[in-house]
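First the structure, in the form of structure tokens, and then the observations on it.
The values are calculated or read from the model by the stated rules, or taken from the named source; none is laboratory data. Treat the numbers as computed from the prediction; the structure is a model and nothing was measured. FYI the Cβ positions are ideal-geometry reconstructions off the backbone, even for glycines, and counts take in every protein chain you see. Heads up: the accessible areas ignore ligands, DNA and RNA and are worked out on the full protein's heavy atoms, side chains in. Shrake-Rupley method; radii C 1.70, N 1.55, O 1.52, S 1.80 Å.
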Amino acid sequence: MPIEKIIVLEDDLIVRRNLEQMLRQQRYDVAAAGTIAAARELLAKDTFDLLFLDVRLPDGEGTDLLRELQTHPEKPLVVMVTGFGSVESAVECMRNGAFDYMLKPFSSDQLQVTLKKAENFDQLLKVNAYFSNAEEDETGWELQGVSPAMEELRQLIRKVARTQATVLIAGESGTGKELVARALYRQSPRHSAPFIKVNCAAIPENLIESEFFGHERGAFTGALNKREGRFELAHSGTILLDEVSEISPQVQAKLLRVLQERELERVGGNRTIKVDVRVLATTNRRLEESVERKEFRQDLYFRLNVVPIHVPPLREHKEDVPFLARQFMPRFARKHGVRVRSFSDSCMAALQAHRWPGNVRELQNVIERAVILCGDAGQLEPEHLGFSPQSAAPPPLSVPDAAGSAPAAAPGASALSADLSLAELEKRYILTVMEKNPSRTQAARLLGISIRTLRNKLNEYGVHNKDDTTEFVKEEGEAQG
């Protein structure tokens, strides 16, 4: 994390100017003061990263200002400087919150060591604050499976992890793309550095640039302080761009620059910041098709797709279902305090017969629900799973409308069979809801998805207005009839 703005509070003019010069030669923004009062004025006007503070000053003791700064929510790291050092003085300063203690005169090499320590410590504080506020993630889970497909995936991860290459992880929702990313991180040379995740689909479009690259104080309404972005937090480590296909074209252009030049500028700033990060990205869409539809930049796609990794859907390695189910069951039994010992033969057969359109995440949720419903029966049965493996076809799709009228079956829904892919079922349902609810906002609410996701889906289907939707639904109805 770069130290950018520094205050030198020193009453000796020669020492102050020498220190200013050494810092400016290293391209730091330096403000100088000779008294505590002047330093307070500087701190009131701007946010600083580091303060070199003399112990003895004309208008007071430096330790008094040090104690005062500890009450500030945004405070700089403080390096105490003195020509009359003692063990007692150093101990008192460190107890009052000083980051380091230096004796005058000091060399440029000593100064360089202190600055490097400050940068590393500042990054540690920021990363720790990020993880303290982060939502619960999947760190407790690992990539599991005994099938040839999963063993092949693990071998590929081991081969790619030790490199610095950018990796694009593709696969359907629920297949474990984030687990693949975490496995790449844990087995990489950067495993002791930060791992920062950005959920591109969950961040509002007007905030994603600030989340990626940070912002300066006053860059926009509400930007009261400088804030580092996720790329700066991940410096020397790894950043995961989850669902990278959801970012806007404007941010795509800036992301391309980071990948090419390894540098960025914060929102509202003009200072170029160098970053050293390894980039991993995930997507549940076919980015090649998004490139063809001009929704995703081709040059960015090539930059991300240096090493592609495909995570297979669960239906392509169904031999892992029994193994995964037996791994999930005791974990959820402990979590919910339920005594469950085993699966019945019929329950295991039902699990193996299911198509698992939601992949491993669906299996995980089904096992957790089954454990809860089982209670203290001790054995999981088919009725605990929440689905009927014997049904040859899904029930007719019920389509709500904006007026809240009684749900009606989708056109041709009675003829839908289990042979239809999940993608085709999703497409028919979304377009039928759009036909009954031409307002995209209302349709997105009824579908339980964001407007951005709905827009991307409609673009994928080639639907740009209500007439396109009506024509599609009409043709489907005639075909089914």
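Quick notes
- Residues of the chain: accessible area per residue with a 1.4 Å probe, Å²: 51 Å²
- Set LYS177/LYS436; LYS177/LYS274; LYS116/LYS294; LYS75/LYS197 screened for pairs whose C-alpha atoms are more than 32 Å apart: LYS177/LYS436; LYS116/LYS294
- Here the relative contact order of segment 199-240, from alpha carbon pairs under 8 Å that lie six or more residues apart, stands at 30 percent.
- Protein-only accessible surface at a 1.4 angstrom probe places the residues MET329, MET22, MET94 in the order MET94, MET22, MET329, largest first.
- Cα-centred dipole magnitude for the chain, charges only on beta-carbon of K, R (+1) and D, E (-1), debye, nearest 20: 560 debye
- When you work out D = kT/(6 pi eta Rh) for segment 1-142 at 4 °C and 1.567 mPa s, using the Kirkwood radius from C-alpha pairs as Rh and the Stokes-Einstein form, the result is 81 µm²/s.
- Normalised by the number of residues in the chain, the average gap of Cα pairs under 8 Å and 6 or more apart makes the relative contact order 10 percent.
- Loop sites in segment 18-76: trypsin sites (Lys or Arg not before Pro), DSSP, at most 13 other Cβ within 10 Å: ARG27
- Cα radius of gyration and Dmax for the chain (Å): 29.0, 95
- Three-way shape call for segment 5-50 based on the alpha-carbon gyration tensor, with the a/c threshold at 1.5: oblate
- Global form of segment 1-85, assessed from the alpha-carbon gyration tensor, a/c cut-off 1.5: oblate
- Crossing angle, helix 422-436 versus the chain [Cα axis fit, 0-90 degrees, rounded to tens]: 90 degrees
- Kirkwood analysis of the Cα pair distances in segment 263-367 returns a hydrodynamic radius of 18.0 Å.
- Using alpha-carbon coordinates, inclination of helix 13-25 to the longest axis of the chain, degrees: 30 degrees
- Two-site FRET efficiency, ASN120 against ARG440, from Cβ-Cβ distance with R₀ of 45 Å, rounded to 0.05: 0.40
- Total formal charge among the other residues, if their Cβ is under 9 angstrom from that of GLN187, Lys/Arg +1 and Asp/Glu -1: +3
- For segment 208-268 versus segment 25-83, the inter-centroid distance based on Cα atoms is 29 Å.
- log10 of Debye I(q)/I(0), alpha-carbon scatterers only, for segment 120-264 at 0.20 Å⁻¹: -1.45
- With each label modelled as a point 7 angstrom along the Cα→C-beta vector, the ALA223-GLU316 pair spans 4.3 nm.
- Sparse-neighbour loop sites [chymotrypsin sites (Phe, Trp or Tyr not before Pro); segment 57-136; at most 11 other C-beta within 10 Å; DSSP]: PHE84
- Subtracting the Cα-Cα distance of LYS159 and GLN379 from 0.36 nm times their residue separation leaves 75.1 nm of extension gain.
- Share of carbon and sulfur in the accessible area of segment 1-138 stands at 50%, probe radius 1.4 Å.
- Separation of the ARG361 and GLU205 label points, Cα + 7 Å toward Cβ, nm: 2.2 nm
- Rounded tilt (10° steps) of 108-133 against the dominant C-alpha axis of the chain: 30 degrees
- Every helix of 4 or more DSSP H residues in the chain counts as -39500 (n - 2.57), and over all residues that averages to -13500 deg cm²/dmol at 222 nm.
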